[in-house]
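Report on one structure; see the data block that follows.
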Amino acid sequence: MEDKVILEHAFKAMENAYAPYSNYHVGACIATRDGNYFYGANIENASYGATNCGERSAVFAAYSNGYRRDDIEKLAIVSDGDTIATPCGICRQVLSELLKPDTPIILSNGKQTMVTNMRELLPYSFGPEDLK
Ligand SMILES: [Zn+2]
């Protein structure tokens, strides 16, 4: 699958962002190996701490529908900022467990695009293997 398709889905998901406080809109899309898509957008809250990021919304949607890390082909995260948005620290921790280390993550703000993965974004991460 071309990255163009998943990016279009992520930008469409960004239209559903609820960001009255930051006015910073994020969209995300997970593509599964069997051809499904799961969407996420950032959903803010007046308490700030209860805000959920777009990429966590998308990966939680995929997991909520029974998909697991081996089923996920790609993740796209897009924003309307001047720079490419990379996942925040909380999202990196979540994605390091819920995605495989080499699953492609496509980041774009519509002007610039880059492809990375969790191995690059969170090396030496703490994970389930550390609890055994
Ligand atoms: Zn985040």
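The values are calculated or read from the model by the stated rules, or taken from the named source; none is laboratory data. This is a predicted model, so every value here is computed, not measured. Backbone-built Cβ (ideal geometry, glycine too); neighbour counts: all protein chains shown. Surface accessibility is based on the protein's heavy atoms, side chains included, excluding ligands, DNA and RNA. Shrake-Rupley method; radii C 1.70, N 1.55, O 1.52, S 1.80 Å.
Computed values, structure above
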item	result
Residues (open to solvent by 70 Å² or more (accessible area, probe 1.4 Å), more than 15 Å from the ligand (Cβ to nearest atom) and touching a strand residue (DSSP E or B) at 6+ places or on another chain (Cβ under 7 Å)) located in the range 37-49	Tyr39
Every residue from the range 74-84 that is over 10 Å from the mean Cα position of the chain (by Cα) and buried (at least 17 other Cβ atoms within 10 Å of the Cβ)	Ser79, Ile84
Breaking point among (1) in contact with a His (Cβ under 7 Å, 6 or more places away or on another chain); (2) closer than 14 Å to Ser79 by Cβ, for Ser22	(1)
So Asp70, is it away from the ligand (no atom under 15 Å from the Cβ), acidic (Asp, Glu) and assigned to a helix (DSSP H, G or I)	yes
Any hit, the range 93-105, residues being assigned to a strand (DSSP E or B), touching a residue at least 12 places away in the same chain (Cβ under 8 Å) and within 16 Å of the ligand (Cβ to nearest atom)	yes
Top-ranked residue in the range 50-67 [being closer than 20 Å to Pro128 by Cα and either touching a helix residue (DSSP H, G or I) at 6+ places or on another chain (Cβ under 6 Å) or among the small types (Gly, Ala, Ser) (or both); ranked as nearest to the ligand (Cβ to nearest atom)]	Arg56
Criterion (under 17 Å from Ile90 (Cβ atoms), open to solvent by less than 50 Å² (accessible area, probe 1.4 Å) and modelled with pLDDT of 95 or more) met by exactly one of Ala58, Ala31	Ala58
